[in-house]
Amino acid sequence: MSCHIGMLLRPAPAELAATCKHYESVAAGGAYESAVFYCPESGFMSWVAARCLTHIRPSEGGATPKQCPVSATVGADTVPKRDGRPRSRLVDIGGGTGSFTAVLARAAGILPGVGANDVRHHGDEPLVLCVDPCPEMVQRARSVKGVTALQDNALSFSQRRDIKRYDIALLKEVVHHLPAADLDQLYAGIWCQLSPGGVVCTITRPHNLGRDFPLFAACREIWRDNQGEAAVYESAVRRAGFVAVKTHEETFEFRVSKVTWLDMVRSRFWSTLSTEHFTNEELEVGVEELERRFAHHDEIVVRDKLIFLVGHKLPSGSGSGDTRDVGLTRTDQQKPPDTSVDTRHVGADSD
């Protein structure tokens, strides 16, 4: 696999640079993986992985195994084979430190269990690839057993043609960082990179967290300003040529001590809490608001709603679309529909 680390499709927007800087700071301080949402031992990751696998497998009344062969085999005891050999299986785009990447890969049977040997490749193909634009995150991901890490941003990665085919594309808590104008190009690029019968799973949160979510009012307002509606992402997935597209909403409820939760807020565990939005003084005002709200509680109940958006790419020979070369390593793909996205900047490299 040829990987030109750091090659960008175009200069990263200011928003991406700010987000990257924020998460690098959080990761360097150790707050990222100590937060319940990103701690491998919290139980949250295992739940998300289980729900993800449930939704990418075909279900009764939905896509059939014949239409979505990759989805049907996820979770088998051995890595499914195509063309007589295992293929690059999972790419986690915006995968951060790679912790969830590994949890999902093990749950899917792509990687062996925690105590097994460090298996990262089959031949020259990585079984599991974690892509993230932040150097600090990538550095940490490279230390995760079974994970190969690559520094690149989501849009740039989706346009690359030096990437081996993969079967599962995951975008967990990342699409809200992209401008809506880039979504068509993002998903069309992923469509081209996926193997026939591959699946894309986008995991995000609702546009409105709701008043019950334990964040202060100004923070929830920032969230609404930056988080797109699920229908926006679903439309982009459909326009890219994916079929059997479905959106599922799941709720994970947990209890956390008030002290722990307020410490998480102070650590700015989400970019919604970053210094781009709140000074230290403004953040402390928000924490005080939460202190008053939960004055008589030792624990806080968190009902976290996640949206799982799944789309499938039909296998070659399914009778849908043509089989013209789209410039990748194999040419047995139907071409995705024209998304009418201005791609004049494609190929413009920057440092």
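The values are calculated or read from the model by the stated rules, or taken from the named source; none is laboratory data. Bear in mind the structure is a predicted one, so any value in this text is a computation, not a measurement. Neighbour counts run over all protein chains shown; Cβ positions are idealised from the backbone, glycine included. Protein only, heavy atoms only, side chains kept; ligands, DNA and RNA dropped before computing areas. Shrake-Rupley method; radii C 1.70, N 1.55, O 1.52, S 1.80 Å.
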Could you list, in sequence order, the residues of segment 152-181 that are assigned to a helix (DSSP H, G or I) and open to solvent by less than 20 Å² (accessible area, probe 1.4 Å)? ALA154, LEU155, SER156, PHE157, SER158, VAL175
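Which one is nearest to the chain's Cα centre (by Cα), of the residues in segment 256-313 that are of a type in the set (Phe, Trp, Tyr) and modelled with pLDDT of 95 or more?
So the first thing to find is which residues in segment 256-313 are of a type in the set (Phe, Trp, Tyr), and the list is 261, 269-270, 278, 294, 308.
So of that shortlist, the ones also modelled with pLDDT of 95 or more come out as 261, 278, 294, 308.
Numbers: TRP261: 24, PHE278: 25, PHE294: 32, PHE308: 10 Å.
Here the answer is PHE308.
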If you go through segment 264-277 one residue at a time, how many are in contact with a helix residue (DSSP H, G or I) (Cβ under 7 Å, 6 or more places away or on another chain) and in contact (Cβ under 8 Å) with a residue 60 or more places away in the chain? 6
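If I filter segment 126-141 down to residues being outside any strand (DSSP E or B) and without any contact (Cβ under 8 Å) to a residue 40 or more places away in the chain, which single residue comes out as surrounded by the most Cβ atoms within 10 Å (Cβ to Cβ)? Walk me through it before giving the result.
Step one: list which residues in segment 126-141 are outside any strand (DSSP E or B), which gives 127, 133-141.
In the following step, the residues that additionally are without any contact (Cβ under 8 Å) to a residue 40 or more places away in the chain were identified as 138-139.
Numbers: VAL138: 21, GLN139: 16.
That would be VAL138.
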Looking at GLY198 and the list (1) of a type outside the set (A, V, I, L, M, F, W, C); (2) over 19 Å from SER271 (Cβ atoms); (3) open to solvent by 10 Å² or more (accessible area, probe 1.4 Å), which single condition is not satisfied? (3)
Out of (1) modelled with pLDDT of 95 or more; (2) surrounded by fewer than 16 Cβ atoms within 10 Å (Cβ to Cβ), what's the single condition that is false for PRO206? (2)
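Among the residues of segment 294-318, which ones are open to solvent by 30 Å² or more (accessible area, probe 1.4 Å), outside any loop (DSSP other than H, G, I, E, B) and either without any contact (Cβ under 8 Å) to a residue 12 or more places away in the chain or among the aliphatic types (A, V, I, L, M) (or both)? Quick ask: steps written out before the conclusion?
Taking segment 294-318 as the starting set, the residues that turn out to be open to solvent by 30 Å² or more (accessible area, probe 1.4 Å) are 295-299, 301, 303, 305, 316-318.
Now drop any that are not outside any loop (DSSP other than H, G, I, E, B), which leaves 299, 301, 303, 305.
Hit for segment 294-318 is VAL301, nothing else.
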Subset tally (residues that are open to solvent by 50 Å² or more (accessible area, probe 1.4 Å) and modelled with pLDDT of 75 or more) for segment 110-125: 1
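Among the helices (runs of 4 or more DSSP H) confined wholly to segment 202-285, which include 3 or more residues that are under 26 Å from ASP298 (Cα atoms)?
Values: elements: 217-226, 230-239, 258-266.
Here the list reads 217-226, 258-266.
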